[in-house]
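The values are calculated or read from the model by the stated rules, or taken from the named source; none is laboratory data. This is a predicted model, so every value here is computed, not measured. Cβ sites come from the backbone with ideal geometry, for glycine too, and all protein chains shown count toward neighbours.
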Amino acid sequence: SEMSKDLMPGPYPRTPEERAAAAKKYNMRVEDYQPYPDDGFGYGDYPMLPNKSLHERDPWYQWDQPDMRHNWGQPMHWDFDMYIRNRVDTSPTPVPWHTMRKHFLVFLSTMLIMFGLGEIYPSYRPVGPKQYPFNDLYLEKGGDPNKEPPVVTHYEI
Amino acid sequence: METALLLNTSMILTLTIILTPILLPLLLKNPQNSPANLTRTVKTAFLTSLVPMTLFMHSGMESIISTWEWKFIMNFKIPISLKMDQYSMMFFPIALFVTWSILQFASWYMASEPYITKFFQYLLMFLIAMLTLTIANNLFLLFIGWEGVGIMSFLLIGWWQGRAEANTAALQAVLYNRIGDIGIILSMAWLASSTNTWEVQQTFTSTQTPMLPLLGLILAAAGKSAQFGLHPWLPAAMEGPTPVSALLHSSTMVVAGIFLLIRTHPMLSNNQTALTMCLCLGSLSTLFAATCAITQNDIKKIIAFSTSSQLGLMMVTIGLNLPQLAFLHISTHAFFKAMLFLCSGSIIHNLNGEQDIRKMGGLQKMLPTTTSCLTIGNLALMGTPFLAGFYSKDLIIESMNTSYLNTWALLLTLLATSFTATYTLRMTLLVQTNFTRMATATPMNENNKAITNPITRLALGSIMAGLLITSFITPTKTPPMTMPTLTKTAAITMTILGIILALELSNMAHTLTQPKQTTFTNFSSLLGFFNPLLHRLTSTNLLNNGQKIASHLIDLSWYKKMGPEGIANLQLMATKTSTTLHSGLIKAYLSSFALSILIILLVY
């Protein structure tokens, strides 16, 4: 059988009595209950719970549903399927976010700049220009046999 | 004897032997498969696959079989074509040898598992997919194997499916592999449209190959072989059982990406930009993984990062246009990496599930065989002269030092070589030496043939494989023959420097002279901050925006703004302006009536 009409989510609560009734419906205290703002996106009176994933809930507590770390009757987040243990983890990181971002971008940019420098100044075995015998192949290249060939050396001693 | 017939028959026979445990229960009345049965099957297949390998080593014979075509389009041929060349004929015995040892080990490791036969069947299905990938001559069959190993990786990483971290890790593996699949499908599409074939032999062009298919192939290899940028799935894959880590994520599956690049290397060798990209990506991966491995405390994660680092080294070799050397490194790496994982599995089980090296110590006396083989594996990994790793690793470093390449890539690879020695020695010191830090009552017993036989077999392979393979396989490209002494000893020098660094760090840790957390240790132990930054940002944005666009925005726009509310708003605007005319004065109504009659008379 379906849930009765007064247990289903309803329209945005406008009066304090409606807010109290909605908080009771969702098993929350009136002080904790905070609906989504009424901007036409269709949230109604569903409570706006903090955007914390299930990773942050105590793993050792005896929850009613251990895999969802959820007790019976506890209000679920609107985006609960995003915050389950296989998806987004919002738990605090050991290192603050801005530090992580800065250090990672520094590492990445250093690597890319150094790779660029490595392309401009590559590493190779020491080589010299090729030295052909017989005065740089003067006769083979069609030089005049009667004239004195120019001396071409690509080395220094 | 007809060598071609023998070659083809024995290769096909190997594949058939492997398929038997999967197909036979479907045909027989009472399906009976057992772990011992499956281990014996793989051993038989290994012995059968030695025949084509010996044939190749003796006569250099290769063959291509092309059978049954899938006729669904007139102009496009997709045959089942199998290529028995140097790479597939060498890879078959090595993969089968490693798998046989791992299956024998798994019969002890997974003995308390209720679904052990299903586990062995999954491993066998993975092996079939991997061998299909290896022997494929066209990209279609290779892709079938590619997807097969991806799916089996997902199923095997998430083997203990009640564990949320294992499911997350399996999902991570599938998603990162999928991103790589975009690459291979892109290159297949380009090849099908430009060259009208998926056969590897027909993709060779004498002019420079365009960048697009090569980018696709490099993306595919980066995804499958965990290069930097698509690497987080490999350390996370350690959530699976140790036999899975030993088979998939060290010796066979992760080399599939490199194997793809080896198969398509004629396309790559034309394009120098693509080769440089491989080189830079590989060197970045190898250094990043080695940096992360230095501060890890889980023994399996250290070996996983070591795998990632060696994969980067293989990518570097591809970037040097030396596919045969990359394949040599794949072969030698398979032996000692699988052995390292099996040794770690033995240690973990003997310590009743303890994986943290800070809680181990003094195991040299308690588990002599395992730790001796661990030492042999670590020495082979470091590139100790004349063990297996030396023949491939030293050649790679020598070729790097004597070629024309990006200087920073060279420096990164040399640094990664010394870091390899560092984290290896750290693991050895913390696991095997010094006083023991474990719980006092542990079920420590390695006196079981199922543990010692595979490990010692693989240890023998780690020692002999390099020498055997290089003695019998002639290189296709001339290796650098002469170089200065410093260049020749570069690899061993960097390794010794790494060892000195490890000893110095261990000394500093004992005397507590350095602070516990510095910027660099944080960067290293949190894996370069890559995981939290990218995983949290992308998934949050994607899921949030998906929810907002799909349900809120679309609902709001179509059901409200385009429909009732939108029309109502328009009507409201019009009525608000026209309500001012409803004044109720007869004079106004009569004058507007007269005005409209006048206008109609004037117009007509």
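So that you can scan it fast, the table gives a plain yes or no per residue for (1) in a helix (DSSP H, G or I); (2) in contact (Cβ under 8 Å) with a residue 12 or more places away in the chain; (3) touching a Gly at 6+ places or on another chain (Cβ under 8 Å):
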| position | (1), (2), (3) |
| --- | --- |
| B:Leu15 | yes, yes, no |
| B:Lys29 | no, no, no |
| B:Asn33 | no, yes, no |
| B:Ala45 | yes, yes, no |
| B:Trp68 | no, yes, no |
| B:Lys71 | no, no, no |
| B:Ile80 | no, yes, no |
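Among the listed residues B:Gly584, B:Gly528, which satisfies the condition of being surrounded by fewer than 14 Cβ atoms within 10 Å (Cβ to Cβ) and at positive phi?
B:Gly584
Can you pull out every residue in segment B:520-543 that is over 21 Å from the mean Cα position of the chain (by Cα), more than 17 Å from B:Ile302 (Cα to Cα), at the interface with chain A (Cβ under 7 Å from one of its Cβ atoms) and not basic (Lys, Arg)?
B:Leu533, B:Ser539, B:Thr540, B:Leu543
From B:Thr407, B:Thr413, B:Thr489, B:Thr476, which residue is over 23 Å from B:Leu287 (Cβ atoms) and either within 14 Å of chain A (Cβ to nearest Cβ) or modelled with pLDDT under 95 (or both)? Before the answer, list the steps.
Numbers: B:Thr407 fails: over 23 Å from B:Leu287 (Cβ atoms); B:Thr413 fails: over 23 Å from B:Leu287 (Cβ atoms); B:Thr489 fails: over 23 Å from B:Leu287 (Cβ atoms).
Exactly one of B:Thr407, B:Thr413, B:Thr489, B:Thr476 is over 23 Å from B:Leu287 (Cβ atoms) and either within 14 Å of chain A (Cβ to nearest Cβ) or modelled with pLDDT under 95 (or both), namely B:Thr476.
Does any residue of segment A:27-44 turn out to be in contact (Cβ under 8 Å) with a residue 12 or more places away in the chain, in contact with a Ser or Thr (Cβ under 6 Å, 6 or more places away or on another chain) and in a loop (DSSP other than H, G, I, E, B)?
Scanning segment A:27-44 turns up no residue that is in contact (Cβ under 8 Å) with a residue 12 or more places away in the chain, in contact with a Ser or Thr (Cβ under 6 Å, 6 or more places away or on another chain) and in a loop (DSSP other than H, G, I, E, B).
Only one of these is part of a helix (DSSP H, G or I), modelled with pLDDT under 90 and among the hydrophobic types (A, V, I, L, M, F, W, C): B:Leu24, B:Leu103. Name it. I'd like the intermediate steps shown before the answer.
Numbers: B:Leu103 fails: modelled with pLDDT under 90.
Of B:Leu24, B:Leu103, the one residue that is part of a helix (DSSP H, G or I), modelled with pLDDT under 90 and among the hydrophobic types (A, V, I, L, M, F, W, C) is B:Leu24.
Within segment A:72-105, which residues are over 16 Å from the mean Cα position of the chain (by Cα), more than 9 Å from every other protein chain (Cβ to nearest Cβ) and not aromatic (Phe, Trp, Tyr)?
If the condition is that a residue be over 16 Å from the mean Cα position of the chain (by Cα), more than 9 Å from every other protein chain (Cβ to nearest Cβ) and not aromatic (Phe, Trp, Tyr), then A:Gly73, A:Gln74, A:Pro75, A:Met76, A:His77 are the ones that fit.
Considering only segment A:106-116, state which residues are within 15 Å of B:Phe530 (Cα to Cα) and within 7 Å of another protein chain (Cβ to nearest Cβ). Before you say what the answer is, go through the steps one by one.
Taking segment A:106-116 as the starting set, the residues that turn out to be within 15 Å of B:Phe530 (Cα to Cα) are A:106-109, A:111.
Correct list: A:Phe107, A:Met111.
A quick yes/no check of all residues on (1) in a loop (DSSP other than H, G, I, E, B); (2) within 24 Å of B:Leu342 (Cα to Cα); (3) more than 23 Å from the chain's Cα centre (by Cα):
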{"site": "B:Leu381", "(1), (2), (3)": "no, yes, no"}
{"site": "B:Pro385", "(1), (2), (3)": "yes, yes, yes"}
{"site": "B:Ser392", "(1), (2), (3)": "no, yes, no"}
{"site": "B:Ile396", "(1), (2), (3)": "no, no, no"}
{"site": "B:Phe419", "(1), (2), (3)": "no, yes, no"}
{"site": "B:Arg426", "(1), (2), (3)": "no, yes, yes"}
{"site": "B:Val431", "(1), (2), (3)": "no, yes, yes"}
{"site": "B:Ala439", "(1), (2), (3)": "yes, yes, yes"}
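This table checks each residue for (1) charged (D, E, K, R); (2) buried (at least 24 other Cβ atoms within 10 Å of the Cβ); (3) at pLDDT below 95; (4) not in a helix (DSSP H, G or I).
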site: B:Thr117; (1), (2), (3), (4): no, no, yes, no
site: B:Gln202; (1), (2), (3), (4): no, no, yes, no
site: B:Thr207; (1), (2), (3), (4): no, no, yes, yes
site: B:Ile218; (1), (2), (3), (4): no, yes, no, no
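Across segment A:27-37, what is the total count of residues that are loosely packed, with under 15 Cβ neighbours inside 10 Å and not aliphatic (A, V, I, L, M)?
Looking only at that region, the number is 6.
Of the residues B:Ser331, B:Ser344, only one is crowded, with 24+ Cβ neighbours inside 10 Å, under 27 Å from B:His265 (Cα atoms) and away from chain A (no Cβ under 14 Å); which?
B:Ser331
Hey, B:Trp558 hits all of (1) free of Cβ contacts under 8 Å to residues at least 12 places away in the same chain; (2) within 7 Å of chain A (Cβ to nearest Cβ); (3) among the aromatic types (Phe, Trp, Tyr) but one; which does it fall short on?
Result: B:Trp558 passes all but (2).
Could you count how many residues in segment A:119-151 are of a type in the set (D, E, K, R), in a loop (DSSP other than H, G, I, E, B) and on the phi > 0 side of the Ramachandran plot?
Step one: of segment A:119-151, the residues of a type in the set (D, E, K, R) are A:119, A:125, A:130, A:136, A:140-141, A:144, A:147-148.
If we keep only those that are in a loop (DSSP other than H, G, I, E, B) too, we end up with A:125, A:130, A:140-141, A:144, A:147-148.
When the remaining residues are screened for being on the phi > 0 side of the Ramachandran plot, the result is none.
Selection size over segment A:119-151: 0.
What number of residues within segment B:466-484 satisfy the criterion of being part of a helix (DSSP H, G or I) and either more than 22 Å from B:Asn401 (Cα to Cα) or not assigned by the TED database to the domain that holds B:Leu415 (or both)?
5
Residues B:Lys71, B:Lys83: which one is surrounded by fewer than 21 Cβ atoms within 10 Å (Cβ to Cβ) and basic (Lys, Arg)? Break it down stepwise before answering.
Numbers: B:Lys83 fails: surrounded by fewer than 21 Cβ atoms within 10 Å (Cβ to Cβ).
From the options B:Lys71, B:Lys83, the qualifying one is B:Lys71.
Would you mind finding the one in B:Ala170, B:Ala129 that is surrounded by 18 or more Cβ atoms within 10 Å (Cβ to Cβ) and either within 14 Å of chain A (Cβ to nearest Cβ) or in a loop (DSSP other than H, G, I, E, B) (or both)?
B:Ala170
Can you go through B:Leu261, B:Leu275 and tell me which one is surrounded by 24 or more Cβ atoms within 10 Å (Cβ to Cβ) and over 30 Å from B:Ile116 (Cβ atoms)? Spell out how you get there, then give the answer.
Numbers: B:Leu275 fails: surrounded by 24 or more Cβ atoms within 10 Å (Cβ to Cβ).
The conditions single out B:Leu261.
Please go through segment A:109-157 and pick out each residue that is in contact (Cβ under 8 Å) with a residue 12 or more places away in the chain, under 30 Å from B:Leu279 (Cα atoms) and not basic (Lys, Arg).
A:Gly128, A:Pro129, listed by residue number.
Kindly indicate which of B:Met360, B:Met339 is touching a residue at least 40 places away in the same chain (Cβ under 8 Å), closer than 19 Å to B:Leu103 by Cβ and of a type outside the set (S, T, N, Q). Even if it seems obvious, please write down each step before you answer.
Numbers: B:Met360 fails: closer than 19 Å to B:Leu103 by Cβ.
None of the others qualify; the one that does is B:Met339.
Among the residues of segment B:464-473, are any crowded, with 21+ Cβ neighbours inside 10 Å, under 25 Å from B:Leu279 (Cα atoms), touching a Ser or Thr at 6+ places or on another chain (Cβ under 6 Å) and modelled with pLDDT of 95 or more?
As a first pass, look at segment B:464-473 and keep what is crowded, with 21+ Cβ neighbours inside 10 Å: B:465-466.
Restricting the remaining residues to those that are under 25 Å from B:Leu279 (Cα atoms) gives B:466.
After this cut, where a residue has to be touching a Ser or Thr at 6+ places or on another chain (Cβ under 6 Å) as well, the list is B:466.
If we keep only those that are modelled with pLDDT of 95 or more as well, we get none.
No, the conditions are met nowhere in segment B:464-473.
Answer yes if at least one residue in segment A:117-136 is touching a strand residue (DSSP E or B) at 6+ places or on another chain (Cβ under 9 Å), among the aromatic types (Phe, Trp, Tyr) and facing chain B (nearest Cβ under 7 Å), and no otherwise.
So the first thing to find is which residues in segment A:117-136 are touching a strand residue (DSSP E or B) at 6+ places or on another chain (Cβ under 9 Å), and the list is A:118, A:122-124.
The next check asks that each one be among the aromatic types (Phe, Trp, Tyr); those that pass are A:124.
Of the ones still in play, those that are also facing chain B (nearest Cβ under 7 Å) are A:124.
Within segment A:117-136, one or more residues are touching a strand residue (DSSP E or B) at 6+ places or on another chain (Cβ under 9 Å), among the aromatic types (Phe, Trp, Tyr) and facing chain B (nearest Cβ under 7 Å).
Among the candidates B:Thr375, B:Thr402, B:Thr369, single out the residue that is within 15 Å of B:Ile299 (Cβ to Cβ) and either at pLDDT 90 or above or under 24 Å from the mean Cα position of the chain (by Cα) (or both).
After applying the criteria, what remains is B:Thr375.
Tell me which residues, restricted to segment A:1-26, are touching a residue at least 12 places away in the same chain (Cβ under 8 Å) and either loosely packed, with under 10 Cβ neighbours inside 10 Å or among the charged types (D, E, K, R) (or both).
Those that are touching a residue at least 12 places away in the same chain (Cβ under 8 Å) and either loosely packed, with under 10 Cβ neighbours inside 10 Å or among the charged types (D, E, K, R) (or both): A:Asp6, A:Glu18, A:Arg19, A:Lys25.
Take B:Leu395 and tell me if it is crowded, with 18+ Cβ neighbours inside 10 Å, within 14 Å of chain A (Cβ to nearest Cβ) and either of a type in the set (A, V, I, L, M) or within 29 Å of B:Arg40 (Cα to Cα) (or both).
Working: crowded, with 18+ Cβ neighbours inside 10 Å: yes; within 14 Å of chain A (Cβ to nearest Cβ): no; either of a type in the set (A, V, I, L, M) or within 29 Å of B:Arg40 (Cα to Cα) (or both): yes.
Judged against the criteria, B:Leu395 is not a match.
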